[in-house]
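**Q** Here's a structure for you.
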Amino acid sequence: MADSNGAQSIGKSGYIFDPYALDFAENPYPTYQWMRDEAPVYHQPEMDFWMLSRYEDVWQAHRDAKTYSSKAGVQIERATEAGNHLLGMDAPKHNWAKAMMTKVFSSERMQALDGFIRARAASLLDAAYDKHGPDGEFDMVSQFSVKLPLAVISELLGIPEALRQPIHDLSNAFISREYGTDVSHQMEAMGKLWGIYFQLTQERRQAPKDDPISLLIAVEETDENGLVHKIADEEIAHRFLEMGFAGHETVAKAIPNGAMALERFPDQKAKIAADLSVMPRVVQEILRFDPPSQLQGRLTTRDVTLHGVTIPADARVMLATGGATRDPRAFPNPDQFDFERDSDTRTVFFGYGVHKCLGIHLAQLEIAIAFQELYARYPGWKVFPDRTTRVALSNVRGVATLPMVLGKRA
Ligand code: HEM
């Protein structure tokens, strides 16, 4: 790389945006600001990708799946096997494959997990308190924010009790990476997880139960040409793998991102303590202020001209959600955390259009309950944003560790 993103050099002569630079992982917002103002259609010459960072552009691109294809996956690097996942599929297959998942993983099924999430959040926090007391420091990520969504996703997917620990350990191996570490052990963990889901699917095909895998095996979807589709066992394993990661890693990042934002805006932190019913709005602001899913990759299917610049067909384009949600053109005073702001209701932090997140209801519920339980049980909670470690992902932003103390029990 000719130069890095360092706040000193952004936009200076010779500057080339490095999506893997540590200072970008630590604070991407100055880079996005420069792009929105000076290079709204930025081209990275060394890795040959383009980046859109203004709210309106990101929003429009999400809505136009014909022009912005998902078939090369969401990462910066083009993936060849992306089509195994909803995230990497285009129409027409995406239409019926997603419809099947939506039938089984309905918002009602997700809302029904309220009690489970609440009990699990409370027991994880109480376990940390019993171990570390009111003043003892512990890692919020490994002891709370990773464990909660892992338990919830296992419950949602209907994973049998005996498999939850191995799935938990393998998912943890996948998620826990610090900046700059290699990814081979993560690939190995992913292969093993796929194997577990595949075997489970085959068992359910022989002996169906009243669980989501059996429901997916049975579900049928008719496409616009009248063709009836069913889902193969290999595909079910891929869908479960995708649900596991999409539903785990994002929530595990959103909770610490939110805790750090509240620590940095003490007035907001105190205001919430006075009235926990504001939590749904707080969750929206947490996801706007520091979205865990920051970049969504696309592939252009035709030439696109925006702001006087032409992106050619078959080009890699990153939709910078993290840039869009801090765009002052959509959010006045965007770097201020303010859960009472008059939000633009067109959210992009869950994507939009055909690939809009399948787990929206569950994600919002989990984050809201995590903070409700935290405030209600340990009102003096505190995190230390200056002593974190970061993860090295191209499209997920969050910390690998975050020190926390709980304070006295309420
Ligand atoms: C705070 C938490 C979450 C955030 C910020 C988030 C964000 C996103 C975003 C931005 C997309 C669209 C990606 C694109 O357009 O390329 C997406 C898709 C998806 N999400 Fe989430 N997500 C979260 C939680 C969840 C949960 C809990 C689940 C599962 C229970 C889930 C399952 C999925 C799936 C399966 C897709 C693919 C949908 C498709 O391609 O049609 N997500 N998510």
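The values are calculated or read from the model by the stated rules, or taken from the named source; none is laboratory data. Remember, it's a predicted structure, so these values are computed and weren't measured experimentally. Every residue, glycine among them, receives a Cβ derived from its backbone with ideal geometry; neighbour counts consider all protein chains shown.
**Q** Which of the following residues is surrounded by 15 or more Cβ atoms within 10 Å (Cβ to Cβ), acidic (Asp, Glu) and touching a Leu at 6+ places or on another chain (Cβ under 9 Å): Asp139, Asp135, Asp90?
**A** Just one listed residue meets the conditions, Asp139.
**Q** Restricting attention to segment 281-325, which residues are farther than 19 Å from Ala363 by Cβ, basic (Lys, Arg) and either within 15 Å of the ligand (Cβ to nearest atom) or in contact with a Cys (Cβ under 8 Å, 6 or more places away or on another chain) (or both)?
**A** The answer is Arg298, Arg316.
**Q** Separate question: Tell me which of these Glu38 doesn't satisfy, since it passes every other one: (1) at pLDDT below 95; (2) surrounded by fewer than 16 Cβ atoms within 10 Å (Cβ to Cβ).
**A** (1)
**Q** Could you figure out which of (1) on the phi < 0 side of the Ramachandran plot; (2) surrounded by 18 or more Cβ atoms within 10 Å (Cβ to Cβ) isn't true of Gly73?
**A** Here Gly73 clears every test but (1).
Residue-wise test of (1) within 16 Å of the ligand (Cβ to nearest atom); (2) in contact with a helix residue (DSSP H, G or I) (Cβ under 6 Å, 6 or more places away or on another chain); (3) closer than 25 Å to Gly398 by Cβ.
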residue	(1), (2), (3)
Asp18	no, no, yes
Pro45	no, no, no
Met51	yes, no, yes
Ala61	yes, no, yes
Gln75	yes, no, yes
Arg78	yes, no, yes
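**Q** Glu242 - would you say it is within 13 Å of the ligand (Cβ to nearest atom), surrounded by fewer than 18 Cβ atoms within 10 Å (Cβ to Cβ) and within 30 Å of Gly158 (Cβ to Cβ)?
**A** For Glu242, the condition - within 13 Å of the ligand (Cβ to nearest atom), surrounded by fewer than 18 Cβ atoms within 10 Å (Cβ to Cβ) and within 30 Å of Gly158 (Cβ to Cβ) - is met.
**Q** Another question about this same structure. If a residue must be modelled with pLDDT under 85, out of contact with any Asp or Glu (no Cβ under 7 Å at 6 or more places or on another chain) and assigned to a helix (DSSP H, G or I), how many such residues does segment 170-217 contain? Step through it out loud before you land on a result.
**A** Quick first cut of segment 170-217, residues modelled with pLDDT under 85 only: 171-187.
Right, trim to out of contact with any Asp or Glu (no Cβ under 7 Å at 6 or more places or on another chain) and you get 171-174, 176-187.
Next, only the ones that are assigned to a helix (DSSP H, G or I) stay: 171-174, 184-187.
Final tally of qualifying residues: 8.
**Q** Identify all residues within segment 93-112 that are crowded, with 19+ Cβ neighbours inside 10 Å and part of a loop (DSSP other than H, G, I, E, B); write none if there are none.
**A** Passing the criteria: only Phe105.
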